1. Residues of segment 154-186 being assigned to a helix (DSSP H, G or I) and open to solvent by 60 Å² or more (accessible area, probe 1.4 Å), which ones?
2. Can you pull out every residue in segment 160-170 that is of a type outside the set (V, I, T) and farther than 16 Å from G126 by Cβ?
3. Can you tell me which residue within segment 23-51, out of those that are at pLDDT 75 or above, away from the ligand (no atom under 16 Å from the Cβ) and crowded, with 17+ Cβ neighbours inside 10 Å, is farthest from L121 (Cα to Cα)?
4. Can you list residue pairs whose Cβ atoms sit under 6 Å apart, with the first residue in segment 1-16 being within 10 Å of the ligand (Cβ to nearest atom) and the second being at pLDDT 75 or above and open to solvent by 100 Å² or more (accessible area, probe 1.4 Å)? Count only pairs 6 or more apart in sequence or on different chains.
5. Sort out which residues of segment 1-31 are among the basic types (K, R) and assigned to a helix (DSSP H, G or I), and write them in order of number.
6. Quick check on my filter: what residues within segment 187-220 are surrounded by 17 or more Cβ atoms within 10 Å (Cβ to Cβ), assigned to a loop (DSSP other than H, G, I, E, B) and either more than 22 Å from the chain's Cα centre (by Cα) or among the charged types (D, E, K, R) (or both)?
7. Going by the conditions given, is R151 among the basic types (K, R) and modelled with pLDDT under 95?
8. Cβ-Cβ distance below 6 Å, separation of 6 or more or different chains: which pairs start in segment 19-35 with a residue that is within 17 Å of I3 (Cα to Cα) and end on one that is assigned to a loop (DSSP other than H, G, I, E, B) and among the polar types (S, T, N, Q)?
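The values are calculated or read from the model by the stated rules, or taken from the named source; none is laboratory data. What you see is a predicted model; the values in this text were computed from it and never measured. Here the Cβ positions follow ideal geometry from the backbone for every residue, glycine too, while neighbour counts run over all protein chains shown. Surface accessibility is based on the protein's heavy atoms, side chains included, excluding ligands, DNA and RNA. Shrake-Rupley method; radii C 1.70, N 1.55, O 1.52, S 1.80 Å.
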Amino acid sequence: MTINFNCPECGKKYSTEDKNIGFKFVCKQCKTKIQVPDDFIQENLNDIEKLLDEKKYDDVWKKIKPYLNPKNPHKEIGIIYSILATKGGRNCVRIEETPTWEDIAKIIDKTIIKDPTNSDLFYYRGVVSNGFEPPEKAYKYFLKSYKLRERADAAEMLALFSFNDFDNITATKKWFERAADLGSKSSTVYNFLLVIYPEFGEHMPQQYLDQAEIAGSSRYSLSNEAFQKIIDLVEEEKKRLEDQI
Ligand SMILES: [Zn+2]
């Protein structure tokens, strides 16, 4: 497949094979150091997401199949697979000879070796990990993703793991606060904070209250079980702190 692109400095036109993605060279015209871009995501992501929303999985498959070359796996295909998995569930990525969670994880792992500082890859690896690996492992991927780039979605996942899998209410609060500080628009973040703050006997900062309103969240939208679990965990935490004194 041929890739067409322009020098970002002077606009000179270039065209090359997709096997050269990521290759760095000096622009013949302006001598700027440039890199063969990888526009697969930008060019295809909107289409793919739209097809996924319409549940047209066969069409999605047709779109990504040309990029599946085992000898030269496309740099971003791990991301595409994980989006498939996240949006469509495992059935969606099982079309034709499509892979299991384990296979998707392997594809993303290979991509990570090529691109070890890509926060997105670790985020999606965490999503896939959550499908078949222990929570400790998924947590590590989200943490890595967050460390590479402070992002609200990773902070939210870290909060949810702290709450659901590790019963750690202090960490849950800390991570949801980080997500809110990073401008999260997820109602889940504020649903939890709206319950956690009063249970700790604190007032929620006005900034979070404003963000909660924009995100359309309310404390009553948490399930009874989640609500009760927060109350129990805060009580345990208070008792633990009292015992320490
Ligand atoms: Zn140039």
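1. Just the residues of segment 154-186 that are assigned to a helix (DSSP H, G or I), to begin with: 154-164, 169-181.
Result: N164, T170, K174, R178, D181.
2. Of the residues in segment 160-170, the ones of a type outside the set (V, I, T) are 160-168.
The answer is D167, N168.
3. Here the answer is L51.
4. N6/K13; C10/Q29; K12/Q29
5. Applying the first criterion (among the basic types (K, R)) to segment 1-31 yields 12-13, 19, 24, 28, 31.
Answer for segment 1-31, where residues must be among the basic types (K, R) and assigned to a helix (DSSP H, G or I): just K19.
6. Result: M204, single match.
7. Spelling it out, R151 is indeed among the basic types (K, R) and modelled with pLDDT under 95.
8. So the pair list comes out as K19/N72.
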